[in-house]
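Scroll down for the structure; my scribbles are underneath it.
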Protein chains: 2
Amino acid sequence: MGSLDSHYEEENSSSNTANPLNPEEFRRQGHMIIDFIADYYQNMEKYPVLSQVQPGYLAKLLPKSAPNIPEPIETILHDIQQYIIPGITHWQSPNYFAYFPATSSIAGFLGEVLSTGFNVVVFNWISSPAATELEFVTMDWLGQMLGLPQSFLFSGVGGGVIQGTTCEAILCTLVAARDQMLAKVGRENIGKLVFYGSDQTHCALLKAAKVAGLESFLCATIGTTSTTAVDPIRSLSEVTKEYGMWIHVDAAYAGSACICPEYRHFIDGVENVNSFSFNAHKWFFTTLDCCCLWVKDPGALTKSLSTSAEYLKNNASDSKQVVDYKDWQITLSRRFRSMKLWLVLRSYGVENLRNFLRSHVKMAKRFQQLVESDNRFEVVVPRNFAMVCFRALPTRLKKEPNGCNIESGNIEAKLIDQEYANDFNRNLLETMNASGKVFMTHTIVEGIYVIRFAVGATLTEDKHVIKAWEVVQETVDDMLATK
Amino acid sequence: MGSLDSHYEEENSSSNTANPLNPEEFRRQGHMIIDFIADYYQNMEKYPVLSQVQPGYLAKLLPKSAPNIPEPIETILHDIQQYIIPGITHWQSPNYFAYFPATSSIAGFLGEVLSTGFNVVVFNWISSPAATELEFVTMDWLGQMLGLPQSFLFSGVGGGVIQGTTCEAILCTLVAARDQMLAKVGRENIGKLVFYGSDQTHCALLKAAKVAGLESFLCATIGTTSTTAVDPIRSLSEVTKEYGMWIHVDAAYAGSACICPEYRHFIDGVENVNSFSFNAHKWFFTTLDCCCLWVKDPGALTKSLSTSAEYLKNNASDSKQVVDYKDWQITLSRRFRSMKLWLVLRSYGVENLRNFLRSHVKMAKRFQQLVESDNRFEVVVPRNFAMVCFRALPTRLKKEPNGCNIESGNIEAKLIDQEYANDFNRNLLETMNASGKVFMTHTIVEGIYVIRFAVGATLTEDKHVIKAWEVVQETVDDMLATK
């Protein structure tokens, strides 16, 4: 056996010492991986949506050190099927309704694959002019689709840049705002700067502030993470204007909906803000990561974020005729991210994209109606987009309410009831997620534990929403039966 | 014609309104894209390495707004071939010797494609346990390959995290170092903090300091960007130890070489530093982006970078049994980056990986010998890894030296000569790059304009290095002939 093994290893080893980018081998393995992923999508519903593994499961299954000799792709794919897929929470499952969606698509996938194939490192224009210029084109297209004013577009005086995530977009704009304000009031006053957000602003703002120090900066949100609530941009921007404050609009989730005329009003007043960002990797068919940031004054960004070094100098940059995106973001190196966004826009077209988003909203509305039609449940906050915040009302469920009646008017009884309701809903959510049939997540709004049902996985159809509602009802029935 | 067009559009439109993640359509288009990229690699040498387009070329070729209706993938791929590829600087070309390489591989590509296919958003353990746990495994494997002490590994008390780029790794460690120092000396002393680097430290350090404020922090470099010089870790760490300073080792380029026993001595003393990073996307067969960062005290990172919000809470996180990588980095959302690194390690194995790197060093040595064998050229600084810094010596080239003789001993003459030499080499580099036959870049070392010849593109073979040298010689011959 030993000799057979080592013969195999040797043979295998020698076949793998070929150039690691040999085009014919690339073609062979590339086709295998496409089939592997296509099969994964086809079999998706067989897997529990939320991974059911326990902490530390993987280290037990894998060797303690890297192999010394090559392993064939067939073995690796076998291990991925066997060991990795059980540890994956399937964000592309049609039964995924957790957090916010990571709405994928064939076009988004192909775009990422193409840019991975080119594997260009795009820190400045010259390092691949097409990558920078396609980003101009795509960000202007998308800015128009959102009805952003010319002041945010390259065809105007502003411009757009694709960041990795909202955290980066907020950090960059925060640093620009800080430096702009310090230039006015003096560096020594850094300790006096403050920033504003609501209690529902994403924690990315706090994180960015920790990294950069406090600022005179306001972050408004279009579609908060907890409940998809919307801050009033126009009235906030009137205040920031008065005080010369930078105002950033974080539309990470809901920005995409604003390409539909019927949702555009949510960003009315955007002409008065300094910067605006939304994540195409959330609800816009583009794979992670792709955060679109537009600024009115790119100079404010580049003043804070530009670097120069001899080894990066080139005539194109010196000519000032080109944009070097390295100066618009935290990182120097950047992937060719506009490719996937461009493919999404072209492959689906504006009208279809609107219709895809509307179909998600319609499914969320359907779920909302189902919740509302059963008086054992309530929708907790108004639904704005494709996410429904609901909960079971266990006081109404219980045959014997044990004196805990939410209608009693007794404040103490109400508090006890709330705690009971919260526990019940936490239990409901955990039981559903543990079944592997659906994955939803929660938030707490003014002390109320709420289940978030976010529609947006590309494979989700009406039948999955109806099935999810059945899972909710059945789980509640079971919970009551065992009491 | 009009009716034919609209018929086509309608037919096409309806076929594209199918689910954007339909597995069979995914399979069809996925195979097309693999063939497209395989063909790209096969035809690579037909393209000029450095893109020859002019600023603004692309906007003229593309429509001013996104299409309203879907366009077929065939049309889009045609446009990529026609409009995008001419604007690409081909980092994967065997004739690419610029900056540092972005050494790609089939395994690295497949890993990125797989993680794009899964498209999971990995901010905490529960959002895909396999992604977090594979990162543990892979970072420990790689740490062992580098001979990092146990104190940096999960199997010890430290741990590794995959960041996007070195800029992020440096920013994160800088912020951790700042907060650690401020906890000792008081927040009010933020203005007194300083950071140290050499004049060859990467500009990422300056940028991070701009974002975060100054620190008591030292950044040592293994393989500087200009010349691949190496800072002495052991003696620097003795100083930082004395002053309680955080020391970070930036081995962005040369870290990978340290998996070879003969190069490991460059990071001797690493047991005394706080953090260590290298870019697997530079010279380690992994596609952009993949920066490996190890820290001895993960708590210092998470203290500065952690966030919490109700909507992210879950039992696994509460149990403290899992790592939530969101608290190890700037961004909350993160791609499943360990997949590609794992595939690289498994597909090639440690011994082959070493041999691949050695083959690049061998080619660089070959180029060095060629330079040294022609007395019209000189190697300017010692070659440490797979990069040769060289220049032409135009004083020796000129038939009539016009009194500018570098051996003259006259200081003024020497200065004039240096300027002349610098101009000559700048001209030489620009002429070679404009030919499309090779792409190299430059730096300036102590006033001397130097051409950097970095070997590492995966498709590069001996013959390409020899050809590159011929291009250098022919260009110089032509430059002299036209004088």
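Every number here is computed from the coordinates shown, using simple stated rules; none is lab data. Please read these numbers as outputs of a predicted model, since none were measured by experiment. We place every Cβ from the backbone using ideal geometry, glycine too, and count neighbours over all the protein chains shown.
As a calculated quantity, the FRET efficiency between residue B:482 and residue B:32 at R0 = 41 Å, using C-beta atoms, amounts to about 0.30.
Cβ-Cβ distance of residue B:445 and residue A:321, R₀ of 25 Å, FRET efficiency by 1/(1 + (r/R0)^6): the value works out to about 0.30.
In order along segment A:279-286, the Karplus-derived 3J(HN,Hα) couplings, from 6.51 cos²θ - 1.76 cosθ + 1.60 at θ = phi - 60°, round to 9, 5, 7, 8, 10, 8, 6, 10 Hz, and Gly and Pro are given as x.
Taking Lys and Arg as +1 and Asp and Glu as -1, the other residues whose beta-carbon sits under 10 Å from that of residue B:290 total +2. Rounded to the nearest Hz, the phi-derived 3J(HN,Hα) couplings of segment A:74-91 under the Karplus curve 6.51 cos²θ - 1.76 cosθ + 1.60 (θ = phi - 60°) are 4, 5, 5, 5, 4, 5, 5, 4, 7, 10, 7, 4, x, x, 9, 8, 7, 5, where x marks glycine and proline.
Annotation: amide H of residue B:377 within the under-5 Å range of B:393, sequence separation 5 or more or interchain, hydrogens built in the peptide plane.
Cross-link reach is defined here as a Cα-Cα straight distance under 16 Å, omitting same-chain residues fewer than 8 places apart; for residue B:282 the lysines meeting it are B:340.
Suppose R0 equals 30 Å. What FRET efficiency, 1/(1 + (r/R0)^6) with r the Cβ-Cβ distance, do residue A:462 and residue A:200 give to the nearest 0.05?
Working: r = 30 Å, r/R0 = 1.01.
Computed FRET efficiency for residue A:462 and residue A:200: 0.50.
Structure note, pairs B:241/B:326; B:362/B:463; A:210/B:210: Cα-Cα distances above 19 angstrom occur for B:241/B:326. Take residue A:358, push a point 7 Å out from Cα through the beta-carbon direction, and compare it with the same point in every other copy: 6.5 nm, smallest first.
Inter-part distance, segment A:131-194 to segment B:429-480, computed on C-alpha centroids, equals 38 Å. For the protein assembly as shown, the normalised intensity computed at q = 0.06, 0.09, 0.10 Å⁻¹ comes to -0.43, -0.98, -1.21 (log10 of I(q)/I(0), Debye sum over alpha carbons, equal scatterers, no solvent).
Fully extending the segment from residue A:238 to residue A:351, taken as 0.36 nm per residue of separation minus the present Cα-Cα distance, adds 37.3 nm.
Per DSSP H run of n ≥ 4, the term is -39500 (n - 2.57); total these for chain B, divide by its residue number, and report the mean residue ellipticity at 222 nm rounded to 500 deg cm²/dmol.
Values: 16 runs with 220 residues, N = 483.
So the helix-based figure for chain B works out to -14500 deg cm²/dmol.
Backbone phi angles across segment A:337-343, fed through the Karplus curve with coefficients 6.51, -1.76 and 1.60 (θ = phi - 60°), yield HN-Hα couplings of 6, 5, 4, 5, 5, 5, 5 Hz in residue order; Gly and Pro are listed as x. Each copy carries a label point for residue B:43 at 7 Å from Cα along the beta-carbon vector; from one copy to the others these points are 3.6 nm apart, nearest first. Tell me which of A:436, B:182, A:379 sits at the most positive position along the dipole axis of the protein assembly as shown, charges placed on C-beta atoms (Lys, Arg +1; Asp, Glu -1). So the residue furthest toward the plus end is B:182.
Can you tell me the length gained on complete extension of the stretch residue A:82 to residue A:431, counting 0.36 nm per residue apart and subtracting the Cα distance?
Details: separation 349, 0.36 × 349 = 125.64 nm, distance 2.53 nm.
Once the chain is fully extended between residue A:82 and residue A:431, it gains 123.1 nm.
Placing a label point 7 Å from the Cα of residue A:375 along the Cα-to-Cβ direction, the distances to the matching points in the other copies come to 10.4 nm, shortest first. Normalised by the number of residues in chain A, the average gap of Cα pairs under 8 Å and 6 or more apart makes the relative contact order 21 percent.
Using amide H atoms built in the peptide plane, which far-off residues or other-chain residues are under 5 Å from residue B:253 H to H? Amide H to amide H, under 5 Å and 5 or more residues apart or across chains, residue B:253 pairs with B:279.
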